[in-house]
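The next block holds one structure in the form of structure tokens; read it before the comments.
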Amino acid sequence: MAGTARHDYEMRQKAKQQLRTCKDPCELLRLQCLSRGSSGIKGLGRVFRIMDDDANRKLDFAEFKKGLRDYGLSLEPGEVQTMFGHFDKDGSGAIDFDEFLLNLRPPMSKARKEVIMQAFNKLDKTGDNVITIADLKGVYNCKHHPKYKSGEWTEDQVFGEFLKSFDENLDGTVNHDEFFNYYAGVSASIDNDAYFILMMRNAWKL
């Protein structure tokens with residue numbers, strides 16, 4: 001379930017306007033992502049995961065610069081350097097990947113975080129902190145999906161496509177961070193706490 005198209009459009013427009021006057025490096029990167037819609041941060045996360053060849057969950061400056069370029073973000077060399085320095089808190093020359101995405105997420109109220117956590121816990125039926133196709137059976141109803149109804153896809157294919165909405169490293173499972181990164185984008189498109197919480201409750205029957 002994505003954010004509604006109208007909210008997504010409004011958020012993209014708002015982010016593009018704010019980009020014209022933004023000076024803060026972290027906010028600049030966040031707005032660049034949000035100007036691509038609610039899945040912008042998730043998309044950047046996916047690019048960086050692909051680039052993390054040695055799977056050490058760290059990004060050096062060269063990887064950071066290449067990741068931003070591969071994602072198509074238009075930034076001046078000086079901005080990239082300032083941005084990297086902002087995220088490299090300990091001056092080690094590398095950015096902790098998870099901390100980077102955490103800092104990039106738009107701020108969310110405690111109530112929003114709680115309802116996202118409730119949705120994650122409901123989907124994670126086995127309680128192992130990852131959502132799999134097996135978890136989705138009995139929680140997510142695929143019977144109304146057009147490709148299932150037409151016989152084009154099996155139930156597992158529908159579930160697999162559904163997981164791809166959240167899955168940044170394309171391993172067929174969704175962890176807590178991937179789920180939060182997705183909904184941080186959706187959250188940014190909705191100003192009203194009560195509306196966001198209602199939308200989540202309705203979507204996941206909480």
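Quick notes on this structure:
- The stretch 131-193: mean projected area of Cα convex hull, nm²: 5.2 nm²
- Tilt relative to the chain, helix 110-123 - C-alpha long axis, 0 to 90 degrees, to 10: 50 degrees
- When the Cα positions of N56, G93, I41 are compared along the charge dipole of the stretch 20-143, I41 comes out farthest toward the positive end, with charges on each C-beta of Lys, Arg, Asp and Glu.
- Amide hydrogen neighbours beyond the local backbone of K58, cut-off 5 Å, H modeled: F97
- Dmax and Rg, reported as Rg then Dmax, of the stretch 30-79 (C-alpha, Å): 11.0, 30
- Nearest-ten-degree value, helix 193-204 long axis tilted from longest Cα axis of the chain: 50 degrees
- Pairs beyond 26 Å (Cα-Cα), from K58/K164; K14/K125; K89/K164: K14/K125; K89/K164
- Portion, in percent, of the accessible area of the chain that falls on carbon or sulfur, probe 1.4 Å: 51 percent
- Accessible surface ranking that places the most exposed of H144, H86 first, with a 1.4 angstrom probe: H144, H86
- Between the helical axis of 25-34 and the longest alpha-carbon principal axis of the chain there is an angle of about 30 degrees.
- Volume per residue of the C-alpha convex hull in the chain, rounded to whole Å³: 137 Å³
The values are calculated or read from the model by the stated rules, or taken from the named source; none is laboratory data. Keep in mind that what you see is a predicted model, and the values were worked out from it rather than measured. With ideal geometry, Cβ positions are generated from the backbone for all residues, glycine too; neighbour counts draw on all protein chains shown. Keep in mind that these areas ignore ligands, DNA and RNA; they rest on the heavy atoms of the full protein, side chains included. Shrake-Rupley method; radii C 1.70, N 1.55, O 1.52, S 1.80 Å.
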